[in-house]
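Derivation of every value follows stated rules applied to the coordinates shown; laboratory data play no part. Please read all numbers here as calculations on a predicted model, not as lab measurements. Cβ coordinates were reconstructed from backbone atoms using ideal geometry, including for glycine residues, and neighbour counts include every protein chain displayed.
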Amino acid sequence: MENTMIRGLVSVVFTGAMITGPVLLAGASLSAAKGSGVATGGVTCTTATGTAQFSPALTKKGNSNTETTKFKVALSGCTTTGSNVANIVSGTLAVTIHKSTKTKVANACASLNIGTLATNSVLTWTSTGGTVVKASTLKTTGEAWSVTADPLNFTLPGTGTATVTGSFAGADKGALSTFAASFKNTLVSFTKACSGGTNHLSKVTLSGGSLTLG
């Protein structure tokens with residue numbers, strides 16, 4: 001059996017201004033975000049659309065010592081909790097996962113679910129009323145792909161841990177933060193792509209997903 005050594009990486013972002021005066025103290029925290037402030041509390045987005053691209057493409061046995069997976073995700077249906085920013089209209093999530101091996105199996109289908117890749121994920125946010133929210137960075141120590149039954153899915157941090165810096169870190173620095181995605185690609189299509197010959201898988205398309213920070 002070949003021994004495979006694999007490393008990984010992923011990223012998330014937000015911005016905010018400050019109001020002074022005792023009369024507006026209750027609304028000062030929200031207005032503070034209009035400069036370059038950090039959004040407090042947490043945020044949950046219940047809708048995710050986008051793609052995950054594999055470069056080079058996944059094949060049955062693999063043929064490369066490196067493989068990069070890039071998620072480009074649009075988030076909507078977002079609500080905040082315990083935050084100085086009341087309304088988040090939408091967000092974007094960029095996740096980049098790097099793998100490396102010494103046996104040219106980084107892009108093998110069997111190497112897809114390593115589970116222990118460290119990642120930094122980057123999120124940007126759009127709020128209402130001209131509020132600019134500082135970015136969030138989601139750091140995780142694991143990831144999980146499930147490709148043995150429909151729907152195929154992906155989660156961060158898998159069985160690993162999560163931390164958040166920047167906006168929406170919550171009281172626990174994002175320890176309970178998660179990202180989950182399901183895909184339109186079916187088990188049948190995945191199995192065919194990984195069946196050998198010239199078959200390969202270069203991209204999967206999200207059918208749904210959700211994100212929670214803080």
* Under 16 Å from the Cα of LYS102 - lysines, other chains or at least 8 residues apart -> LYS61
* Structure fact -> The answer for SER207, listing residues at least 5 apart or on another chain whose modeled amide H is closer than 5 Å to its amide H, is SER182, PHE183, LYS184
* Structure fact -> Rg/Rh of segment 123-184 (Cα atoms, Kirkwood Rh), to two decimals, equals 1.09
* **Hull volume in cubic angstrom per residue (convex hull over the Cα atoms of segment 92-214)** => 116 Å³
* segment 137-214: Lys pairs at Cα distance under 30 angstrom, eight or more positions apart or on different chains -> 6
* Asked: Given R₀ = 25 Å, FRET efficiency for ALA86-ALA180 by Cβ-Cβ distance, to 0.05?
  -> 0.50
* Modelled label reach - GLN53, point 7 Å along Cα→Cβ, segment 87-111 residues with backbone N closer than 18 Å -> 92-99, 107
